[in-house]
Amino acid sequence: MMMAVLESLVRMLVWLLLAPLLPGIINKVKAWVAGRRGPPVLQLYYDLARLWQKSVVMSTLASPGFIAGPAVAWVGVAGAALLLPLGPSSGGLSFHGDVLLMVYLLAVARFCTAWAALETGSAFEGMGAAREVSYAVLAEVSLITAVLTLAVQSGSVTLVTMLAPSAGPGAVLLAAGLFAVLLAENSRVPFDDPNTHLELTMIHEVMVLDHSGPPLAVILHGASMKLLLFAVLLTQAVLPVGQQTPFAAAALLAAGVLAAVSYPIWRVLDEALGREFGAQLLSLGTALAAGGAVYVVACRVLRVHELDALLALLGRLRRR
């Protein structure tokens, strides 16, 4: 019993401490590709520490829900993260049907964030909340479809069992669907831009404009933890991480998380080179070549049988 509690605490510390590192890596690589120095990798840690020392400024129209909303949303994301297994080890709160609870916890987190935005009484935040739930209708359908796919394949509704086998020939389609969900749920291009403050393009950012101090710190940390959660989910749903040794699974998870956020890098490269036809070919060709090489190497290392069948088919077509 004591070991289970200790394992859950260690798992929670991993999610809490590593989550702010992922946005820092994204911003640093984006700046490096664009030829800029960029913010430090630990910038979000500095921002969170600074926000915790500031006071809270509230609208006169706001109720206690303005403070409670971000807190409940953070708890929902943290609970969903604890349910997710990390490699061959089970989730901290794993039980039969835990995937259903994870989906509902993410939905509760979104609802509470939109609720807190509406508490300000501002039409601007209301517009952002309306856009957020509009995207959520599509994103939740895609997420539930991916969950149903894994449940039918594994014959279980437990995350540990669902994520243990590889996705097989449908891995590409499953990865594409979950990757689209990752972009939509985490305010990434092309659905949203976390760095913009233009009225026509703001979705998630507009909902938190009136937050300050510790509530804003909770929102920023929860957003980074949600990004890490979807990146880990995408990696484990497509690659057979659960069949690896703990060390190999950790290395594979780290590589998969970085691969899951590689799209913004291509986006920056695309914008830096311009919209001409030659520049488009160069940026897209580079991204496809790098992604294909990483995929082939990963399949070779993991001994994915589908790759052998594909290479054999290509060999027969080449001989003809």
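The values are calculated or read from the model by the stated rules, or taken from the named source; none is laboratory data. The shown structure was predicted, so the numbers you read here are calculated from the model rather than taken from an experiment. Because the Cβ atoms are built from the backbone with ideal geometry, glycine has one as well, and the counts that use them run over all protein chains shown.
Hey, could you check the range 20-76 for residues that are surrounded by 15 or more Cβ atoms within 10 Å (Cβ to Cβ) and basic (K, R) and say which is nearest to P215 (Cα to Cα)?
Result: K28.
Within the range 150-209, how many residues turn out to be at pLDDT below 85, crowded, with 19+ Cβ neighbours inside 10 Å and touching a Pro at 6+ places or on another chain (Cβ under 8 Å)?
Residues flagged as at pLDDT below 85, crowded, with 19+ Cβ neighbours inside 10 Å and touching a Pro at 6+ places or on another chain (Cβ under 8 Å) within the range 150-209 amount to 5.
Looking at (1) over 24 Å from V189 (Cβ atoms); (2) surrounded by 14 or more Cβ atoms within 10 Å (Cβ to Cβ); (3) without any contact (Cβ under 8 Å) to a residue 60 or more places away in the chain; (4) not β-branched (V, I, T), which is the one condition that is false for P85?
Result: P85 passes all but (3).
Could you list, ordered by first residue, the pairs with Cβ atoms under 7 Å in which the first is in the range 45-70 and at pLDDT below 95 and the second is loosely packed, with under 15 Cβ neighbours inside 10 Å and of a type in the set (A, V, I, L, M, F, W, C), at least 6 apart or interchain?
Hits for this filter: zero, empty list.
One line per residue, one yes/no per condition, for (1) under 28 Å from S63 (Cβ atoms); (2) in contact (Cβ under 8 Å) with a residue 60 or more places away in the chain:
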site	(1), (2)
E140	yes, no
T145	no, no
A171	no, yes
F179	no, yes
V206	yes, yes
P214	yes, yes
S224	yes, yes
L228	no, yes
